[in-house]
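The structure appears right after this line, and notes come after that.
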């Protein structure tokens, strides 16, 4: 009983803890672009999917949350290292530590329950506030490796069309003990991930450092999408991205930028969501003559910066002065996500809920020409869950061995009881007792012995499990076992079934040894013992 109780409690606890932690970093069900093997590098999908309301109304589903991922390189502060040279002199070198991770972008409404349980320092960010968009939560392992602390600003590098460096503020440090995931996952804002991934299109209008016959050149700038851009300056989409201008009155230029595949006249609903930018021009002075602007010695257009961010500036020649105010587009990245993470209410209902979700997604026609797929966490983390499944085989083997050992021990004990009570058996038969009535006496005695052993086994087994559950005195190597201590899960249903099953199996198995009673001759038994 001690071995069986500990085996079931440890294996059940191990499966539950690992499952909870793996699911806490991700989810039970994923919806993402079809053909992708991982959401970490998946193509974006639209956030306003028509099937979301139907999925959220499913009684088996607890949360549906859009998320996005972006690989990142974190850099430590400059570190000083002093070496002693062969000539006895000291030399100092300065270096940086760099470690790769993945930022998981979440919305302000993200379910933080999992990270609240494992938060060790600081606090969780509030992404409702624009000032918190650069806040991140990192693991204790990452903090230790790079020397990060709560409240510290850290440097991070991203790969886009060109490398990008960003600053983030560490607001919280978590630790789950699941080393493989702790090293990898950093929690940040979905808005930041959307921008870093170049999802959607970002449009702007600039005044270029180029002149055509003394005229200024207004030019479009775009990022995101598929890189194959088209521009609508007011007369429909065209491919030219700029034109010369010498304004004579106040005006506003509007620009819509979209991408396309082959047909420049294709509808915008078939491509990335477009973005709109504006350029306001105020003519402060005009001589009515053609413009005669000139570049400086650096081949740049001289500008008078009016606003510190450079969005408002003035340019002038001998007779003209124009004030430009850029109003860049807000971008359409906010309309996209890497996919949707779904958590279910009960793990046992995962397969049924996945099937319903798959049918809902597959049968809903999306207006965005997207192909989507659904998958469960067991499909996305097959190695871990295959390993957890093997533990069930170990449990069956151990329980079977322990029951067989128990049956052999009790069978031997019953045979001894029968042999030393052969005189009693002979007398009972001589008095007219049937074989079955005598066998029941010995089976009841055996059940009493089994019950007494089970009581002590339960006391010791449950006691050891409780000690480990509340003290964690037996530790594990998290790099090997995903956990830093032996987990315990005392399930009272399992406990009851184990006790009842053990009692019934052992007593049933003892019916066979009790057949020996039927072969005892009362005359010989009484004579032998007299």
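The values are calculated or read from the model by the stated rules, or taken from the named source; none is laboratory data. This structure is a prediction, so every number in the text was calculated from the model and none was measured. Cβ atoms come from the backbone with ideal geometry, glycine included; neighbour counts cover every protein chain shown.
Scan the range 269-286 for residues that are surrounded by fewer than 20 Cβ atoms within 10 Å (Cβ to Cβ), under 39 Å from the mean Cα position of the chain (by Cα) and part of a strand (DSSP E or B) and the total you get is 1.
Of the residues examined, residue 195 is one that is within 28 Å of residue 33 (Cβ to Cβ) and within 24 Å of the chain's Cα centre (by Cα). Scanning the range 137-167 for residues being out of contact with any helix residue (DSSP H, G or I) (no Cβ under 9 Å at 6 or more places or on another chain), at pLDDT 85 or above and within 23 Å of residue 223 (Cβ to Cβ) gives a total of 5.
Among residues belonging to the range 245-294 that are touching a helix residue (DSSP H, G or I) at 6+ places or on another chain (Cβ under 7 Å) and modelled with pLDDT of 90 or more, point out the one that is nearest to residue 235 (Cα to Cα). Can you show your working first?
Taking the range 245-294 as the starting set, the residues that turn out to be touching a helix residue (DSSP H, G or I) at 6+ places or on another chain (Cβ under 7 Å) are 258, 273-274.
Next, from what is left, pick out any that are modelled with pLDDT of 90 or more: 258, 274.
Details: 258: 14, 274: 16 Å.
The qualifying residue nearest to residue 235 (Cα to Cα) is 258.
Are any residues in the range 121-154 exposed (fewer than 13 other Cβ atoms within 10 Å of the Cβ), touching a strand residue (DSSP E or B) at 6+ places or on another chain (Cβ under 6 Å) and within 19 Å of residue 104 (Cβ to Cβ), and if so, which ones? Within the range 121-154, 123 is the sole residue that qualifies.
Test residue 358 against the criterion of being under 20 Å from residue 45 (Cα atoms), within 47 Å of the chain's Cα centre (by Cα) and either at pLDDT 85 or above or buried (at least 18 other Cβ atoms within 10 Å of the Cβ) (or both), and give yes or no.
Yes; evaluated as a whole, the condition is true for this residue.
If you go through the range 220-230 and keep only what is surrounded by 17 or more Cβ atoms within 10 Å (Cβ to Cβ) and either out of contact with any helix residue (DSSP H, G or I) (no Cβ under 8 Å at 6 or more places or on another chain) or not assigned by TED's automatic domain parsing to the domain that holds residue 295 (or both), you end up with 220, 221, 222, 223, 225, 229, 230.
Residues that are over 43 Å from the mean Cα position of the chain (by Cα) and under 22 Å from residue 322 (Cα atoms): which strands (runs of 3 or more DSSP E) entirely in the range 203-268 hold 2 or more of them?
Working: elements: 215-224, 229-232, 242-245, 251-259.
Ranges flagged: 215-224, 242-245, 251-259.
Just to be sure, is residue 342 surrounded by 15 or more Cβ atoms within 10 Å (Cβ to Cβ), closer than 30 Å to residue 64 by Cβ and touching a residue at least 12 places away in the same chain (Cβ under 8 Å)? Break it down stepwise before answering.
Values: surrounded by 15 or more Cβ atoms within 10 Å (Cβ to Cβ): yes; closer than 30 Å to residue 64 by Cβ: yes; touching a residue at least 12 places away in the same chain (Cβ under 8 Å): yes.
Answer is yes for this residue.
Name the one entry in 57, 42 that is crowded, with 19+ Cβ neighbours inside 10 Å, in the same structural domain as residue 116 (by TED's automatic domain parsing), out of contact with any helix residue (DSSP H, G or I) (no Cβ under 9 Å at 6 or more places or on another chain) and over 16 Å from residue 181 (Cβ atoms). I'd like the intermediate steps shown before the answer.
Details: 57 fails: crowded, with 19+ Cβ neighbours inside 10 Å.
None of the others qualify; the one that does is 42.
Has the range 378-386 got any residue that is within 30 Å of residue 272 (Cβ to Cβ) and within 21 Å of the chain's Cα centre (by Cα)? Checked the range 378-386: at least one residue is within 30 Å of residue 272 (Cβ to Cβ) and within 21 Å of the chain's Cα centre (by Cα). Restricting attention to the range 65-78 and to residues that are in a strand (DSSP E or B) and surrounded by fewer than 19 Cβ atoms within 10 Å (Cβ to Cβ), the residue that is nearest to the chain's Cα centre (by Cα) turns out to be 65. Scanning the range 472-514 for residues that are closer than 18 Å to residue 388 by Cα and surrounded by fewer than 12 Cβ atoms within 10 Å (Cβ to Cβ) yields a total of 3. In this structure, residue 187 does not qualify as part of a strand (DSSP E or B) and surrounded by fewer than 17 Cβ atoms within 10 Å (Cβ to Cβ).
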